[in-house]
Amino acid sequence: MNMPEEDPCGQLIDHTHVPDFEVRLIVKISLTVIYGVILLAGIVGNSVTIQTTKVLRDKGYLQKGVTDHMISLACSDLLVLLLGMPVELYSVIWFPFSSVYGNITCKVYCFLFETCSYATIFHVATLSFERYMAICHPFRFKAVSGTRVVKLMICFAWLTSVCVAMPLIFAMGADYPLKPVSGRRSRCNTSTSYHLNGNFTLCTSLHSKWSAFQASIFSAFAIYIVVLAAVAFMCRKMMVILMVAKKGTITVKGQPGNSVTSEMMKSSSSETKSARKQTTVFLGLIVLTLAVCWMPNQALRIMAASVPKQEWTVHYFRAYMSLLPVADTFFYLSSVVNPLLYNISSKQFRDVFLQVLRCHLTLEHVNVEKLRRAHQNSAARSTAYKRPLISMKRNSTANRQSSFQTFRDSSDPVPMASQQSDMKVTVQVTSGRNGVSESEI
């Protein structure tokens, strides 16, 4: 007896499932509370981060180029929260079904949100590249350093993110979600009653621009993967160089074809090495954060671009709606976690961050701190120099003769050299510009 085969087209969603694109009330309330906490933490954290980086730059602890990168990154995170979260709460969570007048709002929202989101990715890439050149290729670093080059890199990050988001202006809009895609053939009869179109239009991909929507989503996902892989590669190379430099020498190869190699001492200070290591650790944490927080959102986008909505099965639709609140929550967390990573990777940044948060700044300029250390070291050396080299008792002639006899009968062929070896002069050279050594958070 043959079992009747199950009709695959019978598992597709129809117009009766369209109201289910609106999440349940308990999910709405939960997301509103969670988004409120994330929004408050993001505004405070990124705003204080901007002020903290400015203080560290003015006090000589942070280079201007690194400061510009960090401020621009914090601004992109703020824009993601301020532009994306309130609009999503209103238009996607609470009132997802809009009228035809929401078409322009949908396009502008999708474009701005995508631009600010990918600006964060490209800022991480440019900051990583700048630090990679400074640590791994210090002699070529002059070509990519300076205020003008840093501004060009930041402009490149924003312009590239605009180019990535541009296709969404044409591909997104207010539309009935189950309209058949133009020019796409389906095995199933997707004819749907459209008498509810006026009341059930979503901010979704337009049925007439399906190819543009797919191209935009898949290309953006490829850029996301490439940037993460590139930053991970640069972080690994920087850690290798820092581990080699920790031994005190670096190997310099000769011309191609010449097997002669030489070693030279690394001239950077311990503060510079520590700051560079903190920067590398921070970039590694950012890569991990972007991988964890962005991946659910990227999976949600891939699901939306792989199959048109009128061809979704019931199980596919339920999986999409279950992943939606999780993906959005993790995505917004990525815009809040950067200030936390700054505080974890640098104790100095954490101290100044708390001072700015309390509105009680006590940080002194780096030159003042170095001058105080120099005076302390000078006083310590002056006290050491005042100590007598040979202690003799005036009232004991026998002890004096015995002391001199000991030096004469010593087996050391050069007794005076052994005395002079106890006196060491230490010369410390600090390289820097305008009295400020290179130190970056």
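The values are calculated or read from the model by the stated rules, or taken from the named source; none is laboratory data. Treat the numbers as computed from the prediction; the structure is a model and nothing was measured. Heavy atoms of the whole protein, side chains included, go into the accessibility calculation; ligands, DNA and RNA do not. Shrake-Rupley method; radii C 1.70, N 1.55, O 1.52, S 1.80 Å.
Below is a table of values for the structure above.
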read-out: List Asp77, Asp58, Asp68, Asp351, ordered by accessible area with a 1.4 Å probe, largest first; value: Asp58, Asp351, Asp68, Asp77
read-out: Rounded to the nearest 10 Å², the accessible area of Ser306 at probe 1.4 Å; value: 50
read-out: Residue order for Met85, Met166 - accessible surface, 1.4 angstrom probe, largest first; value: Met166, Met85
read-out: With all protein chains modelled, accessible area of His17 [1.4 Å, Å²]; value: 50
read-out: Amide H contacts under 5 Å for Tyr176, placed H, 5+ residues apart; value: Leu202
read-out: Candidate residues Ile241, Ile71, Ile93: accessible-area rank, largest first, probe 1.4 Å; value: Ile241, Ile71, Ile93
